[in-house]
Amino acid sequence: RIRLSLIAEYGSVALNDQSRVLDISGSPFSWSVPEPSDGGANPDGHHGQPLIPGGNDETNNDGALFCSDHTFLADGRVLAAGGTAYYQDPEIGDTDIGVVELEGLPNARVYDPATNRWSQTGSMGVGRWYPSLVTLGNGDVFVASGVEKLVKPIYPDHLADSLANVRKTETYDASAGTWRDNGAAAARSLPLFPRLHLLPNGHVYYNAAGQAFNPFGQAYDEALWNIAASYDPASRRWKELGIPGADGGILGSLLELDLGQPISDLARLGIPGGGKSLTLPGFRGSTFSVMLPLQPDPLGRYTKASFLTAGGVLNPPSPGSYFSTSDSRVTTVDTERGNALTTRPTGDLNRPRWYPSGVLLPTGEVIAFSGADRDEVATPGLEFPIRQAELWDPRTGDWRPIAEGHRPRTYHNSAALLPDGRVLIGGHAPITTLYLRHINLPGGFAPNERDPSFELYSPPYLFRGERPRIVSAPARPEYGATFDVVVDRPATEIESLVLVRNPSQTHVTDADQRNVVLRVLGRSG
């Protein structure tokens with residue numbers, strides 16, 4: 001329905017995004033439609049906070065699920081927080097032409113797979129477009145960042161918050177269905193969809209990465225995004241941990257090198273990936289952040305968490321870099337040492353890629369899917385897609401090319417690990433060409449149209465022979481307790497046992513993705 005320009009027309013023609021359920025248990029796969037299909041936000045209309053009054057009477061696009069975040073609750077339901085209201089700000093007369101605005105929603109919605117229905121739960125205290133959710137150790141959910149208005153983030157009634165992302169953080173009480181403001185000490189400037197993770201000590205870790213999308217690619221305080229930090233839900237305070245790559249790990253090792261020695265001498269310093277890459281310190285935009293498997297120490301404690309970051313673009317400050325990077329690094333947080341931060345380079349991606357989806361396998365390997373050769377948000381329609389996936393080996397720190405996808409997938413691509421060990425890949429929803437309308441350009445550029453298809457990828461570990469089968473295991477292991485797992489193979493043949501959390505990926509990363517390698521106390525039979 002866009003005839004000329006996305007920016008001039010979208011506020012009038014956009015519709016609320018729809019949800020669907022894909023059932024892959026049968027052949028062929030099947031779809032169903034939840035009720036209500038758009039999640040049911042703002043049934044009485046959402047009139048927002050336009051900078052210029054008027055032109056905000058749309059009701060067909062004021063409760064979109066687009067750009068919300070989602071995660072599983074402990075009971076298997078799905079919480080989606082935030083979203084989008086579209087309108088013209090301002091509209092030129094009654095022409096439906098104006099300057100589009102995308103406003104973040106305060107709504108939170110819960111999907112129940114048992115009934116295939118959405119319901120409204122408590123609303124957040126502030127609207128959020130592109131927020132991040134993290135499930136805390138007690139089952140409550142922490143939300144950070146987002147922006148109240150994307151294109152014109154000026155708020156006359158609270159001017160101090162203008163030209164920046166939402167600094168306020170909130171926590172969702174899953175039992176009561178309500179949100180609480182975490183207070184002034186819990187506020188922090190973060191990028192959109194900040195790459196957040198739960199540490200073994202219950203703190204929330206920010207991995208100095210996210211989407212540098214707003215407004216027009218920048219916020220006035222974005223230099224703060226270079227600093228990794230951790231949030232303590234008990235004290236409701238943040239602690240700055242340093243800039244990844246400038247924490248004494250990489251730079252300190254370089255100082256040990258004799259002048260004139262080749263970069264390959266990193267290998268003699270014991271840095272995995274030495275000789276393959278030098279990681280530049282600081283923020284990464286449009287990259288994935290994958291928590292590597294949590295490993296028990298000899299006492300059975302989990303005290304260190306490591307995070308793989310690869311691809312994206314180098315920034316801020318804005319405008320940052322336009323072309324994608326092959327840079328890859330591993331950052332480790334030691335919770336026994338006050339969340340001390342260290343960073344080491346690992347092997348470069350074989351192809352620089354913007355916006356790759358990262359999937360952690362039960363083996364500890366990581367696969368990078370899809371993406372583009374440059375920042376599609378800067379010049380949509382002028383990017384070249386990357387269809388070949390790559391696999392990272394934690395033993396060597398190397399990436400190696402693997403199979404090529406059937407379809408090009410750049411912006412809004414997704415990939416999720418399935419219970420049977422395969423990976424489901426889907427998505428491709430580009431911005432209109434140069435912010436005008438959808439035009440496919442010749443010359444190998446990515447198609448500028450939405451792709452509703454999905455495909456399945458079988459990782460190499462599925463071809464290593466017959467897989468062991470779990471015969472019995474407890475339905476609900478208890479904290480601090482031991483339990484038995486019975487398999488159809490001699491116990492001596494089982495190398496490791498891993499708990500894998502259900503995936504909930506949004507914008508190429510999964511804040512709640514977590515693999516836990518269990519400590520084996522004994523083997524028999």
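The values are calculated or read from the model by the stated rules, or taken from the named source; none is laboratory data. Remember, predicted model here, so these are calculated numbers, not experimental data. Here the Cβ positions follow ideal geometry from the backbone for every residue, glycine too, while neighbour counts run over all protein chains shown. SASA here: full protein model, heavy atoms, side chains in, ligands and nucleic acids out. Shrake-Rupley method; radii C 1.70, N 1.55, O 1.52, S 1.80 Å.
Test of understanding: given the chain, find the longest segment containing no trypsin sites (Lys or Arg not before Pro) that are in a DSSP loop and have at most 10 other Cβ atoms within 10 Å.
Answer - 21-394.
Please grab the % of Cα pairs in the stretch 454-508 that end up more than 12 Å from each other.
Summing the P(r) tail past 12 Å for the stretch 454-508 gives 80 percent.
Accessible area per residue of the chain at 1.4 Å probe, in Å²?
With the other protein chains kept in place, the chain gives 44 Å² per residue.
Run the accessible area of the stretch 418-525 with a 1.4 Å probe and give the carbon-and-sulfur part as a rounded percent.
Here carbon and sulfur together make up 55 percent of the probe-accessible area.
P(r) tail for the chain, what percent of Cα pairs lie past 43 Å?
Of the Cα pairs, 15 percent sit more than 43 Å apart.
HN-Hα J couplings of the stretch 341-350 from phi, Karplus 6.51/-1.76/1.60, θ = phi - 60°, integer Hz, Gly and Pro as x?
Along the stretch 341-350, the couplings run 10, 9, 9, 9, x, 10, x, 5, 4, 5 Hz.
For PHE288, what residues show an amide H to amide H distance below 5 Å, using hydrogens built from the backbone and excluding near sequence neighbours?
ALA310
So what is the 222 nm mean residue ellipticity for the chain from helices alone, if each DSSP H run of at least 4 adds -39500 (n - 2.57) and you divide by all residues, rounding to the nearest 500 deg cm²/dmol?
One gets -500 deg cm²/dmol as the mean residue ellipticity at 222 nm.
Å³ per residue of the Cα convex hull, for the stretch 1-131?
Cα-based convex hull of the stretch 1-131, divided per residue, equals 123 Å³.
So if we plug the beta-carbon distance of ILE2 and ASP112 into 1/(1 + (r/R0)^6) with R0 = 35 Å, what FRET efficiency do we get, rounded to 0.05?
0.50
So for the chain, averaging the separation of alpha carbon pairs under 8 Å that are six or more residues apart and normalising by length, what relative contact order in percent results?
The value is 9 percent.
What percent do you get for the relative contact order of the stretch 433-495 when only Cα pairs under 8 Å and 6+ apart count?
Dividing the mean separation by the residue count of the stretch 433-495 yields 20 percent.
If the only charges are +1 at each Lys and Arg Cβ and -1 at each Asp and Glu Cβ, what is the size of the charge dipole of the chain around the Cα centre, to the nearest 20 debye?
Using only the charged Cβ atoms, the result is roughly 1300 debye.
From the Cα gyration tensor of the stretch 354-474, with a ≥ b ≥ c the square roots of its eigenvalues, which class applies: rounded if a/c is under 1.5, or else prolate if a/b is larger than b/c, or else oblate?
It comes out prolate by the Cα gyration axes.
With point charges of +1 on the Cβ of Lys and Arg and -1 on the Cβ of Asp and Glu, referenced to the Cα centre of the chain, which listed residue (THR410, ALA80, GLN295) lies farthest in the positive direction of the dipole?
Of the options given, the answer is GLN295.
What FRET efficiency would be calculated for the residue pair LEU159, VAL471, taking the C-beta separation as r and a Förster radius of 45 Å, to the nearest 0.05?
It comes out at approximately 0.10.
When only alpha-carbon atoms are used, what values of Rg and Dmax, in angstrom, describe the stretch 54-181?
Using the Cα atoms of the stretch 54-181, the pair Rg, Dmax is 15.8, 52 Å.
Ignoring ligands, DNA and RNA, what percent of the 1.4 Å accessible area of the stretch 1-138 is carbon and sulfur?
56 percent
Assign one of three labels to the stretch 163-245, namely rounded, prolate or oblate, based on the Cα gyration tensor with a ≥ b ≥ c the square roots of its eigenvalues; rounded applies when a/c is under 1.5, prolate when it is not and a/b is larger than b/c, and oblate otherwise.
Cα axes put the stretch 163-245 in the oblate bin.
How big is the charge dipole of the stretch 302-416 about its Cα centre, in debye rounded to the nearest 20, if each Lys and Arg gets +1 on its Cβ and each Asp and Glu gets -1 on its Cβ?
Here the stretch 302-416 has a charge dipole of around 100 debye.
To the nearest 10 square angstrom, what accessible area does TRP399 show with a 1.4 Å probe?
Accessible area, nearest 10 Å²: 20 Å².
Using Cα-Cα distances under 8 Å and only pairs 6 or more residues apart, what relative contact order does the stretch 390-452 have, in percent?
With pairs under 8 Å counted, the relative contact order is 23 percent.
Compute the FRET efficiency between GLU449 and VAL500 as 1/(1 + (r/R0)^6), taking r as their Cβ-Cβ distance and R0 = 25 Å, and round to the nearest 0.05.
0.15
Using the Cα gyration tensor of the stretch 383-440, with a ≥ b ≥ c the square roots of its eigenvalues, what is the shape: rounded (a/c below 1.5), prolate (a/b larger than b/c) or oblate (neither)?
prolate
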